[in-house]
Every structure is written in structure tokens, then in C-alpha cells.
């Protein structure tokens, strides 16, 4: 069984804490629409990429900027909640993997439907 590294454990805890902070502590109500999908922390714990999703993917750029402006506040609150000596610098990235998965699923369904249609003839 694979052991999780310290960076993985901190990333998991950061994901939970960020979700709570976005829901409860941030003054901008629009940020409560953000879902934190994953947090990847570098091995030296200096940087963290926060992957997020929102319902309207056309506003991804706007929310990336909005989260970037709130990064200092979120980082400070993470430091208080997690009691880390140094809190990683946060970089927010829109996670398009869900849309990509849906697109691939649709392509697979289309290929299966066309294959079964050819076999009937």
C-alpha cells in the first residue's frame, strides 16, 4: 500500500480548509459558488495549485482573478487554521477535467452507437 507524502496530506487538509473558508469566511458571496476539486502542494511546501470548478465555465477567467485577489486573505487564514510554519503560496487554476471527461464520454457513446449500427446491416 502506498504511503501518502507530507505534501499530499497537507494538500488534502488545505482542500478541506479552503472549502470551509470560501463558504463561511470570505465576504464576497460569489466565491461561495466555487468548488475546490484538488490542491497540489510542491514537495518543499512553497507553492500550492488549487484546482477549482464553477457551474458556469464561461466565467472561469473572472473567478480565477477573483480568487487571486483573495489569495492573501485565504493564505493567512489557512496559516491560522492549519498551524503551519510556512503556508504555501496559492495559485488558482480552473479545473476543466470534468468537461473533458464529459466530452470523451460523449465521443465513446457515439463510437459505440455507430459500431452497433454497422453490425446490424
Some residue of the stretch 99-115 being within 30 Å of residue 13 (Cβ to Cβ) and modelled with pLDDT of 85 or more: no
Single residue of the stretch 53-72 satisfying the filter (exposed (fewer than 14 other Cβ atoms within 10 Å of the Cβ) and closer than 22 Å to residue 7 by Cα) that is farthest from the chain's Cα centre (by Cα): 72
Members of the stretch 76-105 found to be touching a strand residue (DSSP E or B) at 6+ places or on another chain (Cβ under 9 Å), part of a helix (DSSP H, G or I) and surrounded by 15 or more Cβ atoms within 10 Å (Cβ to Cβ), listed by number: 78
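One line per residue, one yes/no per condition, for (1) farther than 22 Å from residue 76 by Cβ; (2) part of a loop (DSSP other than H, G, I, E, B); (3) modelled with pLDDT under 85; (4) touching a helix residue (DSSP H, G or I) at 6+ places or on another chain (Cβ under 7 Å):
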residue	(1), (2), (3), (4)
4	yes, yes, yes, no
9	no, no, no, no
18	no, no, no, yes
22	no, no, no, yes
37	yes, no, no, no
43	yes, yes, no, yes
48	no, no, no, yes
61	yes, no, no, no
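Of everything in the stretch 9-24 that's touching a strand residue (DSSP E or B) at 6+ places or on another chain (Cβ under 8 Å) and under 14 Å from residue 51 (Cα atoms), which residue is surrounded by the most Cβ atoms within 10 Å (Cβ to Cβ)?
Keep residues of the stretch 9-24 that are touching a strand residue (DSSP E or B) at 6+ places or on another chain (Cβ under 8 Å), which gives 10-12, 14-15, 18-19, 22.
Next, only the ones that are under 14 Å from residue 51 (Cα atoms) stay: 11-12, 14-15, 18-19, 22.
Working: 11: 21, 12: 14, 14: 27, 15: 18, 18: 25, 19: 16, 22: 20.
Once the filter is applied, the top-ranked residue is 14.
The values are calculated or read from the model by the stated rules, or taken from the named source; none is laboratory data. Given the structure is predicted, the values throughout are model-derived calculations rather than measurements. Virtual Cβ from ideal backbone geometry, glycine too; neighbours counted across all protein chains shown.
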